[in-house]
Amino acid sequence: MKGEAKKKQFRQDAAGQMPRTQTDVPDGWFYMTHGDITVGDLKEAMSDTAYELEYWEAAQVLVIDLAEGGCMDVEAMEPEFGEEAADAFLEEHGVKFLCYVTFRPEDYQAARAVMEHICGRIGGFFCGDTDDFIPMIGAAKQDTDE
């Protein structure tokens with residue numbers, strides 16, 4: 001029952017929660033999607049940007065160079081945590097593809113822009129490697145005024 005309470009709390013807290021300071025930025029992040037994709041698809045989603053990319057197909061690793069010497073490392077992993085509550089979260093969101101993502105806390109704004117861009121191009125979402133998977137980042141909301 002504790003897992004159900006945690007999921008309910010997650011749903012209540014997830015909307016709009018972003019780190020307020022560098023110390024609030026989780027050390028690690030996850031990229032999750034219900035699609036059947038590879039890290040190569042994340043690389044392709046970044047092809048319309050000026051970021052320098054390094055991709056190792058066999059290892060399913062992508063490195064995205066951010067501003068001022070920082071980088072965002074993305075590595076595919078099996079969509080299973082081996083923990084009941086965490087695996088329930090994956091199941092609830094229909095996650096078929098999972099990556100572990102790291103970057104320096106001081107690169108959060110640049111990394112967030114990359115996360116929003118990827119989600120805007122191929123869907124899915126990023127979330128913190130925290131007990132409640134918060135904060136959550138998806139595609140940036142676009143103004144529809146023309």
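The values are calculated or read from the model by the stated rules, or taken from the named source; none is laboratory data. Since this is a predicted model, take the numbers as computed values, not measurements. Note that each Cβ is placed from the backbone with ideal geometry, even for glycine, and that neighbours are counted across all protein chains shown. Calculation scope for accessible area: heavy atoms of the full protein, side chains included, ligands and nucleic acids excluded. Shrake-Rupley method; radii C 1.70, N 1.55, O 1.52, S 1.80 Å.
Assorted remarks:
- Any hit, region 93-101, residues being open to solvent by 40 Å² or more (accessible area, probe 1.4 Å) and free of Cβ contacts under 8 Å to residues at least 24 places away in the same chain: no
- In region 31-62, the residues that are part of a helix (DSSP H, G or I) and open to solvent by 70 Å² or more (accessible area, probe 1.4 Å): K43, E44
- Pairs, first touching a residue at least 24 places away in the same chain (Cβ under 8 Å) and under 23 Å from E92 (Cα atoms) in region 31-44, second of a type in the set (V, I, T) and in a loop (DSSP other than H, G, I, E, B), C-beta under 9 Å, six or more apart: M32/V95; T33/V95; H34/V95
- Hey, R121 open to solvent by 60 Å² or more (accessible area, probe 1.4 Å), in a helix (DSSP H, G or I) and in contact with a strand residue (DSSP E or B) (Cβ under 8 Å, 6 or more places away or on another chain) or not: no
Condition check ((1) among the acidic types (D, E); (2) at pLDDT below 95; (3) farther than 19 Å from A45 by Cα; (4) open to solvent by 70 Å² or more (accessible area, probe 1.4 Å)) across all residues:
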{"residue": "V114", "(1), (2), (3), (4)": "no, no, no, no"}
{"residue": "C127", "(1), (2), (3), (4)": "no, no, no, no"}
{"residue": "I134", "(1), (2), (3), (4)": "no, yes, yes, no"}
{"residue": "I137", "(1), (2), (3), (4)": "no, no, no, no"}
{"residue": "K141", "(1), (2), (3), (4)": "no, yes, no, yes"}
{"residue": "E146", "(1), (2), (3), (4)": "yes, yes, yes, yes"}
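- Residue among A88, A67, A58 that alone is without any contact (Cβ under 8 Å) to a residue 12 or more places away in the chain and over 14 Å from the mean Cα position of the chain (by Cα): A58
- Of the residues making up region 63-77, not a single one is modelled with pLDDT of 95 or more, closer than 15 Å to Y31 by Cα and either part of a loop (DSSP other than H, G, I, E, B) or basic (K, R) (or both).
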